[in-house]
1. Residues Ser359, Ser323: which one is outside any loop (DSSP other than H, G, I, E, B), of a type in the set (S, T, N, Q) and either surrounded by fewer than 19 Cβ atoms within 10 Å (Cβ to Cβ) or at pLDDT below 90 (or both)?
2. Note down all Cβ pairs under 8 Å where the first residue falls in region 507-523 and is over 14 Å from Ala466 (Cβ atoms), the second is modelled with pLDDT under 85 and outside any loop (DSSP other than H, G, I, E, B), and they're at least six residues apart or on different chains.
3. Out of (1) among the hydrophobic types (A, V, I, L, M, F, W, C); (2) modelled with pLDDT under 90; (3) out of contact with any Ser or Thr (no Cβ under 7 Å at 6 or more places or on another chain), the odd one out for Ala350 is which?
4. Restricting the search to region 229-252, which residues are more than 22 Å from Lys271 (Cα to Cα) and part of a strand (DSSP E or B)?
5. Is it true that some residue in region 452-475 is at pLDDT 95 or above, of a type in the set (Phe, Trp, Tyr) and buried (at least 18 other Cβ atoms within 10 Å of the Cβ)?
6. Given the conditions (1) closer than 13 Å to Ile306 by Cα; (2) in contact with a helix residue (DSSP H, G or I) (Cβ under 9 Å, 6 or more places away or on another chain); (3) surrounded by 16 or more Cβ atoms within 10 Å (Cβ to Cβ), and given that Phe292 satisfies all but one, which numbered condition is not satisfied?
7. Could you tell me whether Ser258 is polar (S, T, N, Q), assigned to a strand (DSSP E or B) and in the same structural domain as Ser138 (by TED's automatic domain parsing)?
Amino acid sequence: MKSTNDESPSLGYDFAGVSIKDGKSKPPAPVICYDGLFGGRDVIRIVLLVTTVTLSCLLFYKSANNPLNMVFSPWKTDCYASKLTNESSSKTEPKKEPVSELERVLMNAAMEDNTVIITALNQAWAEPNSTFDVFRESFKVGIETERLLKHVIAVCLDIKAYDQCLKVHPHCYLINATDSDQLSGPNRFMTPGYLKLIWRRMDLLRQVIGLGYNFIFTDADILWLRDPFPRFFPDADFQITCDDYNGRPSDKKNHVNSGFTYVKANNKTSKFYKYWIRSSRKFPGKHDQDVFNFIKNDLHVEKFGIKMRFFDTVYFGGFCQPSRDINVVNTMHANCCIGLDNKVNNLKAALEDWKRYVSLNTTVSETKWNIPPSFLDYGSAIGQKEVKKILVLVLGLAACLLLYKTAYPLHQELDVNNLSSRPLLDHTSSSSPLTRSKSISFREVLENASTENRTVIVTTLNQAWAEPNSLFDLFLESFRIGQGTKKLLQHVVVVCLDSKAFARCSQLHPNCYYLKTTGTDFSGEKLFATPDYLKMMWRRIELLTQVLEMGYNFIFTDADIMWLRDPFPRLYPDGDFQMACDRFFGDPNDSDNWVNGGFTYVKSNHRSIEFYKFWYNSRLDYPKMHDQDVFNQIKHKALVSEIGIQMRFFDTVYFGGFCQTSRDINLVCTMHANCCVGLEKKLHDLNLVLDDWRNYLSLSEPVKNTTWSVPMKCT
């Protein structure tokens, strides 16, 4: 990590073995080794293993009239009186009298709005220096989290865990189970003990909802680094973290992880949890996450009316997908990590990263977690030799597939909705640099161009603007002669809308991407508000939405904007979405400024992604309007307020244009050929802007009165 101030000295420590000076370095990938190809005995062993497991599963399923009872051994708690057979009731369970032990613990730990934080413990996790100690320490060193510890209830699955919990924590609750000895050990992933522990947890959470308490359930292998409550969606009933987040908080296709959930107690969630638990009978041997994935799109779930949201791993990260920004992370989960020792060691390492970050007392520009790439303990779960042999088999199949595709290549056109898709091999001109450049995915282009904090500068180009001595040449020239802008050229991604623009771009710039479009020719000059112009504008909005979904912040800049100074110091630190103006009226928070979408700075987060999707879809409501006009139509809508996006609008003193030129050349960052229709007019007046700028640079003192030579033809 390093400070956002590029001029500050190095802080002198590494994260994950990578110096903070090296923004592009990555930890080495784990090396896969194997002992040799399969022998006859090995094949027989694997076949027997698969056959035995399959027959065992069938026998297990067929022999159990009530599979759920095979997961739940007979047990009681002090408050549990109702049976699973009565769970079809749609009413929330009333409180029992007299008050039970569970209710007493809930009442003592609850916040004013009847919310509690619940975790589950067994003996192995409660031992000194194990996960529970690391879990509690994270609350103590986190930001605004220590006060939340008094609302944490540790649900103990065996008496030894309960005894240890009472020594260190005020709110401990013991489930009196006849099989507690089976739940006390490490219980590796997907073992019978693990499944019993998971479904025991689920039934307890069902009871908590029935007693009228909202809850956060958190696994004890999660570090609490910041108060997560400000990150919750206010209108959702059920919110859950992800192993792998796809950028869409409403998308049920996210790969969920039930180790951290926020659930409101109401009739909808009560029905859902009952249905979730009952559904485990249909899928014996599956844990809660798998069953959730099986039922989340069921008609029954839709009828419940439960509103679900999925958390961004930027805020709720884990070892599967670590948060890429320690400045905003709330929790860190030891998911995708098998083995208690592995979890504890890596959680301690992540907590040390956090302590170093807190000691800096400043925002950092790069996040690198000290989590080794080899923490996944698959070998312990299956067996080292079996893993090696299976990997050999997979690699062999992959090699066969590669040979097949080489012999019969897949000829496919680029789909704008899947920008990373490419033909495996392109034989059209294998030696052509142009063809090789086209084979690079959009994601790769973004990665090559991004800054250390995953920010890119994006512009679009067609043939008319890419011609020699046209707008693209002026655009690049402005970076070269601007103050502090030449270094930014390496972060510019040029999205080319036709092949001739791409060919020209590739001669001049390293980061060019060809966005092929079927059925539309974007190569010629597109006059303002014509049908092709509108298509080009909306293609741009669609593309920028995908940039956000890939986790990149961006500055979008039209190519008819001259970059005269580095604009980054003028960006607002607290705005999700920041936009230039044709006319600025003095208040950067006023959405009634006359906006111009030709220069925007947008942070990648769930708010900006939701907003861009809404903006793009709103084109259907206003079919003859371009993006700026549609923005003005939707900016005051209730849904935009619900999304919670924070907008800022740039002063034309710093981000000027021909509509309202900057009144101070000593401060101006960019000049836009807005309020100007026609390519020739833009070229003429932008050349004058660069002449004015060169004259300014030749002076030895600041200019007292700024007079631009423009607009001239653009009046």
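The values are calculated or read from the model by the stated rules, or taken from the named source; none is laboratory data. What you are looking at is a predicted structure, and each value in this text was computed from that prediction instead of being measured. Cβ: placed from backbone, ideal geometry, glycine included. Neighbour counts: every protein chain shown.
1. Ser359
2. Close Cβ pairs satisfying both conditions: Thr520/Asp532; Thr520/Lys535; Asp521/Asp532.
3. (2)
4. Cys242, Asp243, Asp244
5. Yes, some residue in region 452-475 is at pLDDT 95 or above, of a type in the set (Phe, Trp, Tyr) and buried (at least 18 other Cβ atoms within 10 Å of the Cβ).
6. The single condition Phe292 does not satisfy is (1).
7. Here the answer is yes, as Ser258 does meet what is asked.
Table: residues versus (1) closer than 24 Å to Asp353 by Cβ; (2) at pLDDT 90 or above.
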| site | (1), (2) |
| --- | --- |
| Gly142 | yes, yes |
| Leu166 | no, yes |
| Ile175 | no, no |
| Arg188 | no, no |
| Tyr194 | no, no |
